[in-house]
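Here's the structure we're looking at; comments come further down.
The values are calculated or read from the model by the stated rules, or taken from the named source; none is laboratory data. Here the structure is a predicted model, which means the values were calculated and not measured. Using ideal geometry, Cβ is built from the backbone for each residue, glycine included, and neighbour counts are taken over all protein chains shown.
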Amino acid sequence: MRLQDNVTLITGAAQGIGLATARRFAAEGAHLVLCDRNPASLDPVVAELQARGTQVLAQALDVTDRAAFGALADAAIARFGGIDTLVNNAGITRDARLVKMTDEQFDAVIDVNLRAVFRCTQIVATHMVERGRGAILTASSVVGLYGNFGQTNYAATKAAVIAMTKTWARELGPKGVRVNAVAPGFIQTPMLATIPDKVMAQMAERVPLRRLGQPEEIASVYAFLASSDASYINGAVIEVDGGMTL
């Protein structure tokens, strides 16, 4: 197993890509530190993984709460001795066209998708630098590379994540910490649940593989990037989109 005893902290771990990542890392032998703002969704995930024999530390929290996340990181270090991998997965959308978008919609997405990524990474990176090793993985998106109608706020955060990833790779690489991002395309997650079937079919038609991606296909890339198989990958942004941006 590639991630045997790797201590992995995953934000937004109760559904979608975060849940698939937790399951994949558990299957690869990792110890998990999970957080999500919805305890009703997080608790069954913890029970499932513990039933498989995975060591899990979990806390329901909002990633915009720096103190709460810092306390979770401290608890993880106390229990497991350190944090090897951080997966910045938590994210939200508040879509609207530019002329209709409110300050509240813009600020909500900035707070979760950008400011919280900065804070969570800062907290964990400080620990990783002290240890001289670690892997930081962050969810970007193809919309951060190419834009998307109605997603000024979301696209801005995902583009900024790419810029931060490359900056952190320069700063932290010499300290033994690798930093990379994954840019998913259209992935079949609860975030797309409100989209009509007709629109979903049109989305799939834009992809050369003629289908949407599955959360497990993103999780497998995270698992690779966290492992020693990716020991010389730093500052990369890997598009996992079925070729939709070709």
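Given the condition hydrophobic (A, V, I, L, M, F, W, C), part of a helix (DSSP H, G or I), within 18 Å of GLY185 (Cα to Cα) and out of contact with any Cys (no Cβ under 9 Å at 6 or more places or on another chain), answer yes or no: does some residue in region 133-146 qualify?
Initial filter on region 133-146 (hydrophobic (A, V, I, L, M, F, W, C)): 135-137, 139, 142-143, 145.
This time we only want the ones that are part of a helix (DSSP H, G or I), so: 143, 145.
Then drop every residue that is not within 18 Å of GLY185 (Cα to Cα), which leaves 143, 145.
From the residues that got through so far, the ones that are out of contact with any Cys (no Cβ under 9 Å at 6 or more places or on another chain) too are 143, 145.
Within region 133-146 (the criterion being hydrophobic (A, V, I, L, M, F, W, C), part of a helix (DSSP H, G or I), within 18 Å of GLY185 (Cα to Cα) and out of contact with any Cys (no Cβ under 9 Å at 6 or more places or on another chain)), the answer is yes, since at least one residue qualifies.
Of the residues that sit in region 29-56 and are under 15 Å from LEU86 (Cα atoms) and touching a Leu at 6+ places or on another chain (Cβ under 7 Å), which one is surrounded by the fewest Cβ atoms within 10 Å (Cβ to Cβ)?
VAL56
Just to be sure, is VAL112 assigned to a helix (DSSP H, G or I), touching a residue at least 12 places away in the same chain (Cβ under 8 Å) and over 22 Å from ILE195 (Cβ atoms)?
Details: assigned to a helix (DSSP H, G or I): yes; touching a residue at least 12 places away in the same chain (Cβ under 8 Å): yes; over 22 Å from ILE195 (Cβ atoms): no.
It is false that VAL112 is assigned to a helix (DSSP H, G or I), touching a residue at least 12 places away in the same chain (Cβ under 8 Å) and over 22 Å from ILE195 (Cβ atoms).
Determine whether SER228 is out of contact with any helix residue (DSSP H, G or I) (no Cβ under 6 Å at 6 or more places or on another chain), in contact (Cβ under 8 Å) with a residue 60 or more places away in the chain and within 17 Å of GLN15 (Cα to Cα).
No: the conditions fail for SER228.
Okay, residues lined up against (1) more than 23 Å from PHE224 (Cα to Cα); (2) not acidic (Asp, Glu):
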site: VAL7; (1), (2): no, yes
site: ILE10; (1), (2): no, yes
site: THR21; (1), (2): no, yes
site: GLN59; (1), (2): yes, yes
site: ARG66; (1), (2): yes, yes
site: PHE69; (1), (2): yes, yes
site: ASN88; (1), (2): no, yes
site: ASP103; (1), (2): yes, no
site: VAL112; (1), (2): yes, yes
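Any residue that is surrounded by fewer than 18 Cβ atoms within 10 Å (Cβ to Cβ) and at pLDDT 95 or above - is there at least one of those in region 81-89?
The initial filter retains those residues of region 81-89 that are surrounded by fewer than 18 Cβ atoms within 10 Å (Cβ to Cβ), namely 81-82.
With at pLDDT 95 or above added as a condition, the list becomes 81-82.
Yes, region 81-89 has at least one match.
Considering region 95-109 alone, what residues qualify as being charged (D, E, K, R), within 15 Å of ASN148 (Cα to Cα) and within 25 Å of the chain's Cα centre (by Cα)?
ASP95
Could you grab me the full set of residues in region 185-213 that are within 27 Å of ARG2 (Cα to Cα), of a type outside the set (Ser, Thr, Tyr), in contact (Cβ under 8 Å) with a residue 40 or more places away in the chain and in a loop (DSSP other than H, G, I, E, B)?
Result: GLY185, single match.
Could you tell me how many of the residues in region 58-74 are closer than 11 Å to ARG119 by Cβ and either among the basic types (Lys, Arg) or without any contact (Cβ under 8 Å) to a residue 12 or more places away in the chain (or both)?
Residues flagged as closer than 11 Å to ARG119 by Cβ and either among the basic types (Lys, Arg) or without any contact (Cβ under 8 Å) to a residue 12 or more places away in the chain (or both) within region 58-74 amount to 4.
Among the residues of region 57-72, how many are closer than 16 Å to ALA125 by Cα, crowded, with 18+ Cβ neighbours inside 10 Å and over 16 Å from the mean Cα position of the chain (by Cα)?
1
Consider only pairs whose beta carbons are under 7 Å apart and that are at least six residues apart or on different chains; among these, list those whose first residue lies in region 145-161 and is on the phi > 0 side of the Ramachandran plot and whose second residue is surrounded by 14 or more Cβ atoms within 10 Å (Cβ to Cβ).
Cβ pairs passing all conditions: GLY147/ALA155; GLY150/ASP95; GLY150/ALA96.
Name the single residue, out of those in region 165-184 being part of a helix (DSSP H, G or I) and either touching a Leu at 6+ places or on another chain (Cβ under 7 Å) or of a type in the set (Lys, Arg) (or both), that is surrounded by the most Cβ atoms within 10 Å (Cβ to Cβ).
LYS166
Residue by residue, here is whether (1) crowded, with 18+ Cβ neighbours inside 10 Å; (2) modelled with pLDDT of 90 or more; (3) of a type in the set (D, E, K, R) holds:
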| position | (1), (2), (3) |
| --- | --- |
| GLY132 | no, yes, no |
| GLY150 | no, yes, no |
| ALA193 | no, no, no |
| ARG211 | no, yes, yes |
